[in-house]
Amino acid sequence: MRNVILAKSAGFCFGVERAVNMAFEMAGQGPVYTFGPIIHNEAVVEDLEKRGVHKIDSLDQARQAAPGTMIIRSHGVSKLEYDELEKMGYKIADATCPFVKKIHNIVQKYSGMGYRILIIGNPVHPEVEAISGWCAGRPDIIQTEEEARAFHAEKDEKICIVSQTTFNLRKFELLVEIISEKGYDIVCLNTICSATAERQSEARQIAKSVDTMIVIGGRHSSNTQKLYEICKNECKHTYYIQRLVDLDLKTFASKGNVGITAGASTPKNIIEEVLTHMSERNEEMEEFLAASKPIRNGEVVDGTVLDVKPDEIILNIGYKSDGIITRSEYSNQSNLDLTTVVKVGDPMQAKVLKVNDGEGQVLLTYKRLLAERGNKKIEEAYENGDVLTAKVVGVQTGGLSVVIDEARVFIPASLVSDTYERHLEKYKDQEISFVITEFNPRKRRIIGDRKQLIVAEKAKKKEELFARIKPGMVVEGRVKNVTDFGAFIDLGGADGLLHISEMSWGRVDDPRKVVKIDDTVKVLIKDIQGEKIALSFKFPEENPWLTAGEKYAVGNIVTGKVARMTDFGAFIELEPGVDALLHVSQISRDRVEKPSDILQIGEMITAKVVDFNGEAQKISLSMKALDIPAENEQEDAGDEE
């Protein structure tokens, strides 16, 4: 019984599939052309021709054609050809394989930096011709060991080596090794398509294990020719065909294992045709059809982790290409090491973000799948008025971003707090609570509101505070703001005003010298009028007049500071909260017109207490009394105004 083994990678690669799909989608939309055959497969080119997509082989032919859309084939074109086609007025639809486009960028960059470009590939292949056309100068092209050994460069030359995307990987490595042994300054970039390398490796392994090998592809297909060479080296009975009709089916009448592979430009229907006639079992056909089943953007797929790196997860999703989940599509956590969250063999669900990520693999997203669950949770919270708590992951000028199960919620700056917040950065990485006030995931507008929670909490605390406090109580608070006329103290529910006149028993010129913002202070509740709370630092038990009668009894000699002056005298601060009057007539035995003629603000003076009135809190001093006979003191005191 014959056992048929079909290569999983057989058929269109992503670059070819992209180009072919583009051509078929544009068929019938006015004059449409391809610059050269879209791919190296006659059947596909003929089918497109029937649908009105015509092949143009040169710039001269393009000049003679009616204006329309020009599809750049998957092999690409030179920069000159690209620019000329644009000048002719063609609308360009660039179907150049992303792998080939990458090489164009590489050779353009390095040749511009003065590097000598060395291309390993077939010099007459359209892909290589196109690559050459993106070099600043004429590149060197080699494809054999003899050419590699004959290659010569000056010692001071810098060389950049690239490869045709469909070149044989082992041969590329051999040629690079030969050139490297010459000791040149080399930058080597392996630009062989990963799908090509995988296809070649798989074909080699299958060819080793079968009795007969069939390679399907166009006669002009470089990658199919390479597959044939590889398989022929491993399996004597290897056949190169374009379609089933090219194969003598009598060759396979006897039993034996058969292997089948196909080039990157071979359509699925041709592979199906060959496989159907070769197979005596249906398993291979079913597997091939399953792997060929299209997947769409937005589709949720089940997979198994094949490999995991710190920044990337590779999933087997039962498709012809593996799925890739990058770190940024797994989580919003920028530095997350993915090896710490998943391991090889783990089952995973993911959502298709892009069927072709430009590298031949399916780009998947895990975080967006979680975001859907997060959106459901947010929607329920929105409908029920539930409070959510999440960490702030982003700070913008306009507000904060938080994440609920990878679903992002935006909290505008005006809704972050009940007061203006100048520095939102302080919220970064902090957990905050909020409610959802607007939910429209289609427009990516999910708005959170923290302000109303703060307002509600403050209202509750305010109610509790006023129910608890009364005048005469001593409470603790935090200095919230300082002004020229005093300070506002947060009492935990409401603010109280500590007026400048209540900051000390003495005179205060600047409140900022007494308290600072965020200071924790003990204050006396002096009065409550509605929602206004008057505070004081003048605690009754600390009133300096309680002990002033003993300290400043008549006849005591005291020292004080000149605090302020008037025309009739100077006020002397004996201690904070206790001032005494030094009448102008008591400054000196000589006649003094005004105090400022003798004294200065801030000057320390010594005088005798000549009068004390505790009830009126008045004290009179005399400097003159220290210089005249005691019997005249009372008489002089009587001269005061």
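The values are calculated or read from the model by the stated rules, or taken from the named source; none is laboratory data. Here the structure is a predicted model, which means the values were calculated and not measured. Here Cβ is always computed from backbone atoms with ideal geometry, including for glycine, and neighbour counts include all displayed protein chains. For the accessible areas, the whole protein counts, side chains as well, though only heavy atoms, and no ligand, DNA or RNA atoms are used. Shrake-Rupley method; radii C 1.70, N 1.55, O 1.52, S 1.80 Å.
The angle between the Cα long axis of helix 169-180 and the main principal axis of the chain comes to about 70°, on a 0 to 90 degree scale.
Label positions at Lys182 and Asp211, each projected 7 Å from the Cα along the C-beta direction, are separated by 4.8 nm. Residues in segment 539-550 carry Karplus couplings, in order, of 6, x, 5, 9, 4, x, 6, 5, 10, 5, x, 7 Hz; the curve used is 6.51 cos²θ - 1.76 cosθ + 1.60 with θ = phi - 60°, and Gly or Pro positions show x.
A probe of 1.4 angstrom, applied to the heavy atoms of all protein chains, finds Asp611 with accessible area near 80 square angstrom.
With R₀ set to 45 Å, the beta-carbon distance separating Glu147 from Glu372 gives a calculated FRET efficiency near 0.20. Residues Lys516, Lys171, Lys354 ordered from highest to lowest accessible area at a 1.4 Å probe: Lys516, Lys354, Lys171. Summing charges over all other residues whose Cβ lies under 14 Å from the Cβ of Glu145, with Lys and Arg as +1 and Asp and Glu as -1, gives -1.
Taken over the C-alpha atoms, the chain has Rg and Dmax values of 45.5, 152 angstrom.
Distance distribution note for segment 405-513: the fraction of Cα pairs above 15 angstrom is 74%. For the pair Ser596 and Asp83, the difference between a 0.36 nm per residue extended length and the Cα-Cα distance amounts to 175.4 nm. To the nearest ten degrees, helix 98-112 and the longest principal axis of the Cα atoms of the chain are 70 degrees apart.
Among the DSSP beta bridges whose two residues both lie in the chain, what percent are antiparallel, rounded to the nearest 5?
65
Couplings 3J(HN,Hα) for segment 417-426, derived from phi with the Karplus relation 6.51 cos²θ - 1.76 cosθ + 1.60 (θ = phi - 60°), are 8, 8, 10, 5, 10, 7, 10, 6, 4, 5 Hz, where x marks Gly and Pro.
Given 4 °C and 1.567 mPa s, how large is the Stokes-Einstein diffusion coefficient of segment 319-464 in µm²/s, with Rh as the Kirkwood radius over Cα pairs? D, rounded to a whole number, is 76 µm²/s. Taking Rh as the Kirkwood radius, which is the inverse of the mean 1/r over Cα pairs, what is the Rg/Rh value for segment 472-519? Ratio of gyration radius to Kirkwood radius for segment 472-519: 0.95.
Suppose R0 equals 22 Å; then what is the FRET efficiency for Leu626 and Asp567 from their Cβ-Cβ distance, rounded to the nearest 0.05?
Step by step, r from the Cβ atoms, then E = 0.40.
Here each label is just a point 7 Å from Cα along the line to Cβ, and for Arg296 and Asn269 those points are 2.2 nm apart. For segment 143-180, GluC sites (Glu not before Pro) are listed when DSSP marks them as loop and at most 10 other Cβ atoms sit within 10 Å of their Cβ; the list is Glu154.
Between Lys470 and Lys538, the simple spin-label model (points 7 angstrom out along Cα→Cβ) gives 2.3 nm. The Glu575 and Glu421 beta-carbon pair, evaluated with R₀ = 45 Å, returns a calculated FRET efficiency of approximately 0.55. For Gly36, the residues whose modelled amide H falls within less than 5 Å of its own, excluding neighbours fewer than 5 places apart on the same chain, are Ile56, Asp57. With the charge dipole of the chain set up from +1 on Lys and Arg Cβ and -1 on Asp and Glu Cβ about the Cα centre, the Cα lying farthest toward the positive end among the listed residues Gly506, Ile241, Tyr33 is that of Ile241.
Angle, helix 367-384 long axis vs. longest principal axis of the chain, Cα atoms, 0 to 90°, nearest 10? Tilt relative to the chain: about 40 degrees. Trypsin sites (Lys or Arg not before Pro), restricted to segment 196-278: which are DSSP loop and have at most 11 other Cβ atoms within 10 Å? When the trypsin sites (Lys or Arg not before Pro) of segment 196-278 are filtered for loop state and at most 11 Cβ neighbours within 10 Å, Lys236, Lys255 remain.
Across the chain, Cα pairs under 8 Å and at least six residues apart give a relative contact order of 7 percent. For the pair Met113 and Asp518 in one chain, pulling the backbone fully straight at 0.36 nm per residue adds 139.9 nm over the alpha carbon distance. If you take all other residues with their beta carbon under 11 Å from the beta carbon of Asp527, and give Lys and Arg +1 and Asp and Glu -1, the sum is +2.
Computed across segment 480-570, the Kirkwood hydrodynamic radius from all distinct Cα-Cα pairs reaches 15.4 Å. Counted residue by residue at 0.36 nm each, then reduced by the alpha carbon distance between them, the extension gain from Asn233 to Leu59 reaches 58.6 nm. Calculated from DSSP H runs of 4 or more alone, at -39500 (n - 2.57) each and per residue, what is the 222 nm mean residue ellipticity of the chain, nearest 500? The helix-only estimate for the chain comes to -8000 deg cm²/dmol at 222 nm.
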